[in-house]
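Let me begin by presenting the structure, written as structure tokens, before commenting on it.
The values are calculated or read from the model by the stated rules, or taken from the named source; none is laboratory data. All values reported here derive from a predicted model rather than from experimental measurement. A quick note on method: Cβ atoms are made from the backbone with ideal geometry, for glycine too, and the neighbour counts reach across all protein chains shown.
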Amino acid sequence: MIDVISIYKTFYVPHEVKALVDVSNKIEAGEVVVVIGPSGSGKSTFLRCLNRLETAERGQILVDGVDIFDPKTNINTVRAEMGMVFQSFNLYPHLTVQGNVGLAQKLVRKRPKKEREEKTRMLLEKVGISAKAKAWPSNLSGGQQQRVAIARALAMDPKIMLFDEPTSALDPEMIGEVLEVMKTFAKEGMTMVCVTHEMGFAREVADRVIFMDEGMVVEEGTPEKFYKNPTHDRTKLFLKQIL
Amino acid sequence: MNQGRQKTSSAGLFSKAINMEQNISNIKRLSNPIAYILSVCGFLVLLFMVIGSVYYATVAVDYQWRWFKVPKYFMYKSTITLYAEGYGEIDTIAANKDKYDITVTTDAGERTYTVPEGTFDWIEGDMVAPGDIIASYEGGWQPGILAKGLWVTLKISFIATIFGILLGIIGGVARVSNTPVLKWSAMAYVEVIRGSPLLVQIMIFYFVLGTTMNKILMMNGIPKLDAEWYGIMALSVFTGAYVVEIVRAGIEAIHPGQVEAARSSGMTYFQCMFHIILPQALKTILPPLAGQFINLIKDSSLLGMISIRELTKATREGITTSLQTFELWILCAILYLLMTFTLSMCVQYLERRTATK
């Protein structure tokens, strides 16, 4: 479904950092991929390259066979098929919860009002905040905001969901509710790429774990193999530090 | 020595405590009705002292205050005087309800004047010569020169505000875009307009652009534009340049995550701009924008230079006929104050409304 072919990315500001070095990967439909690694390892950059929030300077990413770095590609139609959830939620503060979930449906999917409202109601129920449909984002807790953000991304009926550290900005007692929602969708067969530090989540739902360090994929494999028998020293060290 | 330091630090603390107490007691004092009334009285006394001393000084230089002459600059009863147009005679005088129809035949033709009773002194068959007064009577209420000037100022400011906002938003969006042509155009516009005086720009708009455009319009058989429109153009272009910078600052204050969220859901650049960024930016740009439009109202006073009869020019004309210099200039200032104060009240109301979200 997504074919990452040898991408490179270097940041020059504030100083030169090689964020991605020759990263290749293949993400199949229905797969749940968890990307882990120390901070600065390039995992977020990798995720953001998948929907061209960052552009790689070399290499190709094919989404359903479409090269997204090709200037002729209409990136908006590609992005409409990819939902993204951010660490800092990024809900639109000038719209209600309903408005947040409904806006892209209206502008991008051009859904009629009735269909939009039905979809919004259904999704808010699914993430467990239908009571807050008319609330403003600033009146919600972090966990609730993140669940709205997930509903907002799902409202587009994406083929794949990208999660960029969705629980890192949350208070510990709210992490559970967000992970619960993510697990539900993972079990329904949604394709997911998730950058996270939640090892429990990775173990439980991931089909594949990718460990990155210094812009490179150091190791990847199924969660059992990855956590029980890591092969690289760097992976062993990392796992020892966080577990 | 140790003791001394302790003392100073405790003194510092003490003075801080007093400061805090004063802040609190200020609020307390005003919640006491007697203290409140005394404060208001004190303020009014000060105000009257300032106004009184100015008044006293003007009386000392023998200025005659004639405020009673001022209302006619807002509304006056016009006098209508009808003159005969040529040599001839009064044909008929016939009653027409409570008025009279006077038919006059002169070498310029036959005309019928309908006038109220008692405003003429003719009988049928009287001879008339050109310039003879046929009748003279009071007409209806007419807006005075200040009222007209006020209206022109309001109209010009309103239209220029709308065009200024449009120009500012277009320029602001262009200013933050990644397209070099748009970005450079917006930057050049802002720098050029902010770098020269408004008065000079008004002159250029009227005497350079106006002359050229009116000539071209006339050559194509289209009626030429009024000075008013060139004034509006100058003001909107001038204000627009400042609004560009205000809009740019407002846009740049939006968290980049907002753009990422919108773009990652497949919205185009413009959808993101008009549905996500600008609505949020509006809240931060409202106060500086209001200041800009208050300036616009005040700057419109310069348009008198290109013979637009707005409030300031109307005041000047009023003074040349009446010589009520002090009254009319003070009144002019008060009228501007009323306009700007109303505007800032409206904006404060809007700010409160958007703040609740």
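Key figures for this structure:
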{"item": "Members of the range A:202-212 that are within 19 Å of A:PRO172 (Cα to Cα) and either over 14 Å from the mean Cα position of the chain (by Cα) or acidic (Asp, Glu) (or both)", "result": "A:ARG203, A:GLU204"}
{"item": "First in the range B:320-336 and assigned by TED's automatic domain parsing to the domain that holds B:GLU310 and among the hydroxyl-bearing types (Ser, Thr, Tyr), second anywhere and in a helix (DSSP H, G or I) and at pLDDT 90 or above, Cβ under 6 Å, 6 or more apart", "result": "B:THR325/B:ILE319"}
{"item": "Residue within the range A:53-61 that is of a type in the set (D, E, K, R), surrounded by 17 or more Cβ atoms within 10 Å (Cβ to Cβ), facing chain B (nearest Cβ under 8 Å) and touching a Lys or Arg at 6+ places or on another chain (Cβ under 9 Å) present", "result": "no"}
{"item": "Where a residue in the range A:166-184 is free of Cβ contacts under 8 Å to residues at least 60 places away in the same chain and its partner, wherever it lies, is of a type in the set (Lys, Arg) and assigned to a helix (DSSP H, G or I), with Cβ under 9 Å and at least six apart", "result": "A:GLU177/A:ARG147; A:VAL178/A:ARG147; A:VAL181/A:LYS126; A:VAL181/A:ARG147; A:THR184/A:LYS126"}
{"item": "Selection within the range B:273-291 - more than 14 Å from every other protein chain (Cβ to nearest Cβ) and either closer than 30 Å to A:GLY99 by Cβ or aromatic (Phe, Trp, Tyr) (or both)", "result": "B:PRO287, B:PRO288, B:LEU289, B:ALA290"}
{"item": "Candidate set from the range B:185-203 (those that are within 27 Å of B:LYS224 (Cα to Cα) and in contact (Cβ under 8 Å) with a residue 24 or more places away in the chain); member that is surrounded by the fewest Cβ atoms within 10 Å (Cβ to Cβ)", "result": "B:LEU199"}
{"item": "Which numbered condition B:VAL208 fails, given (1) without any contact (Cβ under 8 Å) to a residue 24 or more places away in the chain; (2) within 14 Å of another protein chain (Cβ to nearest Cβ)", "result": "(2)"}
{"item": "Residue ID - surrounded by the most Cβ atoms within 10 Å (Cβ to Cβ), chosen from residues in the range B:47-85 that are of a type in the set (S, T, N, Q) and assigned to a helix (DSSP H, G or I)", "result": "B:THR58"}
{"item": "Matching residues, the range A:174-194, being surrounded by 21 or more Cβ atoms within 10 Å (Cβ to Cβ), among the aliphatic types (A, V, I, L, M), outside any helix (DSSP H, G or I) and away from chain B (no Cβ under 14 Å)", "result": "A:MET192"}
{"item": "Residues being away from every other protein chain (no Cβ under 14 Å) and either surrounded by 18 or more Cβ atoms within 10 Å (Cβ to Cβ) or on the phi < 0 side of the Ramachandran plot (or both) - total across the range A:121-173", "result": "21"}
{"item": "Odd one out for B:ASP132 among (1) over 30 Å from B:LYS298 (Cβ atoms); (2) in contact with a helix residue (DSSP H, G or I) (Cβ under 6 Å, 6 or more places away or on another chain); (3) not polar (S, T, N, Q)", "result": "(2)"}
{"item": "Residue in the range B:222-243 that is assigned by TED's automatic domain parsing to the domain that holds B:GLY304, assigned to a helix (DSSP H, G or I) and more than 21 Å from the chain's Cα centre (by Cα) present", "result": "no"}
{"item": "Checklist (1) of a type outside the set (A, V, I, L, M); (2) in a strand (DSSP E or B); (3) surrounded by 12 or more Cβ atoms within 10 Å (Cβ to Cβ) applied to B:GLU124, failing item", "result": "(2)"}
{"item": "B:TRP141 in contact (Cβ under 8 Å) with a residue 24 or more places away in the chain, closer than 30 Å to B:THR325 by Cα and in contact with a strand residue (DSSP E or B) (Cβ under 7 Å, 6 or more places away or on another chain)", "result": "yes"}
{"item": "So B:GLU110, is it more than 42 Å from the chain's Cα centre (by Cα), part of a strand (DSSP E or B), loosely packed, with under 15 Cβ neighbours inside 10 Å and not assigned by TED's automatic domain parsing to the domain that holds B:ILE277", "result": "yes"}
{"item": "Hey, B:VAL259 loosely packed, with under 13 Cβ neighbours inside 10 Å and either touching a strand residue (DSSP E or B) at 6+ places or on another chain (Cβ under 8 Å) or of a type in the set (A, V, I, L, M) (or both) or not", "result": "no"}
{"item": "Output for the range A:5-21, where each listed residue is closer than 12 Å to A:GLU57 by Cβ and assigned to a strand (DSSP E or B)", "result": "A:SER6, A:ILE7, A:TYR8, A:LYS9, A:THR10, A:PHE11, A:LYS18, A:ALA19, A:LEU20, A:VAL21"}
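Okay, residues lined up against (1) in a helix (DSSP H, G or I); (2) modelled with pLDDT under 95; (3) over 15 Å from the mean Cα position of the chain (by Cα):
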residue	(1), (2), (3)
B:LEU286	yes, yes, yes
B:PHE293	yes, yes, no
B:GLY304	yes, yes, no
B:ILE308	no, yes, no
B:GLY318	yes, yes, yes
B:LEU337	yes, no, no
B:GLN348	yes, yes, yes
B:ARG352	yes, yes, yes
